[in-house]
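Reviewing the structure listed below.
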Amino acid sequence: STPATYLRAFSFLKKKHLFQPDAKSGFTFSAPTLYMGLRFGGIPEYVDCADRLDTYFGNCANVRICVEAGGIAHNFLINHVADFHIRPIDSNDFNGAITAGKCNVIFATETDVSPVHFPNHAENMYKIGRNSFEYGPSALVTRQDDPVWSDFVRWVVRALIAAEEQNITESTASNFMTTTVFGEIYENMFVNAIKAVGNYGDLYSKYLEFILPRNFFRTNLLNNGSTGLHLAYLLGQIIVKGPDPVQGSTLYNIRTSLGELRCGIMKRVGFGEVVMDNTTGIERWQGMDADYCYALCASLFQGDLSRITIIDVENDEMGFQALDNGTVDVLAGGRITLEADVKEASTGKGFTFSLPYFYGDEDENNLSPEGVFAMVTREEDPQWSNFVFWIVSATISAEEQFITQKMSNDMVYIYLFGPSLKGMFRDAIGAVGNYGEIYNRSMELIVPRGGRNLLNTNPIGPQMYSFF
């Protein structure tokens, strides 16, 4: 944990593993333990107005919103609501502020708007808004220079979620899988974790259900495959200047001595196919994996898509080997598994995965390949892994914001990899478009978009998924 107020800690966690300005370094975050956003709460008729960000028409013009001064929620309101309607308060005594008539709506984290904090208001006089804003995960935090420990923590969290998926509790923990990827001494690591605390649902019921009823704040429910899982991570303080590419790192070498991106792709329908470009008469790669390679190239070289070499790898094993021996800088379409993350069989190494961009087995006609697919990088180079992670996240964020390829200049500048890469998001979206455009171009005719490959948008739905 961090010695900070809840909002500051929440902001810190939302930076994921990129750059923390106080420590001048990045951190690694586990699988999310809790998803939470900002919501409106208060007098029902005014909450309905605020939920639509309507402070103009009819009685909505009388909306007065209390918010903790200087926090994430305050910054959001400044960008979406006229100052006249905002009532910054120095403390988070929201109950007192509403009781005293200072405001009729509050805007805060979902824990702070929970009805348990407002005992003075009758049930029909207090309401929580339907929509969530600035949604993001909380997680366990580890140092970025210890990838094995980070992997260990990540997969213990995922095992608790998997145990709930499999209806395994403390009393039946011995039914959960064993593993030796961390060594034989830890063969029963997952079993022992579940024996100690139960599954994810058990923990939630014990500590959070009375504050955040899980069936109302639905994001922390298990995702059964019927709703979307694509949810972009929030950026935190994008105006903070992070370190330039570290000399000798993959990011540095690609932009200097190599002068190009080398991206590994496996030939698969919809993901990676070689076609003839009718305009130039030159063969080129197309598909979802190829588009993410092009997005990376564009982000590295200010939109110049000529500075890429795509290398055909026959299968997952050869892809991991090419990544390990330096033949490629990134592997597109790697399947996320415990073994590949921690100790891939053919190399004996662990690898780092971006946000997933395709969830397999989502179509009833069984046309979808099995597995969850992401970009893969070497584990020992966190700055490059972070860069790749955020490019994938940017394509999802662009679709969430309705930013298309033609509108790519609406993407924010970001300085967390130094000023020379401030346009990385704009360049990536300008090259391939947002996630929806990528999917429609590459996969829609093969696997019609649905299930987990949809965005998780308001009202935010179940987001817990184990990857087991």
Task: Hits in region 122-157 - residues which are aliphatic (A, V, I, L, M) and in a helix (DSSP H, G or I) - done: Met125, Val148, Val153, Val156, Val157
Task: Residues (under 18 Å from Thr99 (Cβ atoms), part of a strand (DSSP E or B) and in contact with an Asp or Glu (Cβ under 9 Å, 6 or more places away or on another chain)) located in region 30-65 - done: Phe40, Gly41
Task: Residues that are closer than 30 Å to Val388 by Cβ and either aliphatic (A, V, I, L, M) or at pLDDT below 95 (or both), drawn from region 184-217 - done: Met189, Ala193
TODO: For region 228-237, indicate whether the set of residues that are farther than 19 Å from Pro356 by Cα, small (Gly, Ala, Ser) and open to solvent by less than 60 Å² (accessible area, probe 1.4 Å) is non-empty.
DONE: yes
Open item on the list: If a residue must be open to solvent by 10 Å² or more (accessible area, probe 1.4 Å) and in contact (Cβ under 8 Å) with a residue 40 or more places away in the chain, how many such residues does region 267-286 contain?
Closed with: 4
Open item on the list: Any residue that is out of contact with any helix residue (DSSP H, G or I) (no Cβ under 8 Å at 6 or more places or on another chain), at pLDDT 95 or above, crowded, with 16+ Cβ neighbours inside 10 Å and farther than 24 Å from Val269 by Cα - is there at least one of those in region 341-358?
Closed with: yes
Open item on the list: Within region 157-169, does at least one residue satisfy the condition of being over 24 Å from the mean Cα position of the chain (by Cα), exposed (fewer than 13 other Cβ atoms within 10 Å of the Cβ) and on the phi < 0 side of the Ramachandran plot?
Closed with: no
Task: Residues that are surrounded by 14 or more Cβ atoms within 10 Å (Cβ to Cβ) and of a type in the set (S, T, N, Q), drawn from region 246-266 - done: Ser249, Thr250, Asn253
Open item on the list: Regarding region 82-96, can at least one residue be identified that is closer than 19 Å to Arg130 by Cβ, among the aromatic types (Phe, Trp, Tyr) and either touching a Ser or Thr at 6+ places or on another chain (Cβ under 8 Å) or open to solvent by 30 Å² or more (accessible area, probe 1.4 Å) (or both)?
Closed with: no
Open item on the list: Out of everything in region 314-336 that is within 22 Å of Phe468 (Cβ to Cβ) and in contact with a helix residue (DSSP H, G or I) (Cβ under 9 Å, 6 or more places away or on another chain), what residue ends up being most open to solvent (accessible area, probe 1.4 Å)?
Closed with: Arg335
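The values are calculated or read from the model by the stated rules, or taken from the named source; none is laboratory data. In this text, all values refer to a predicted model and were calculated from it rather than measured experimentally. Reconstructed Cβ throughout: ideal geometry from the backbone, glycine too, with neighbour counts over all protein chains shown. Only protein heavy atoms, including side chains, enter the accessible area calculation; ligands, DNA and RNA are left aside. Shrake-Rupley method; radii C 1.70, N 1.55, O 1.52, S 1.80 Å.
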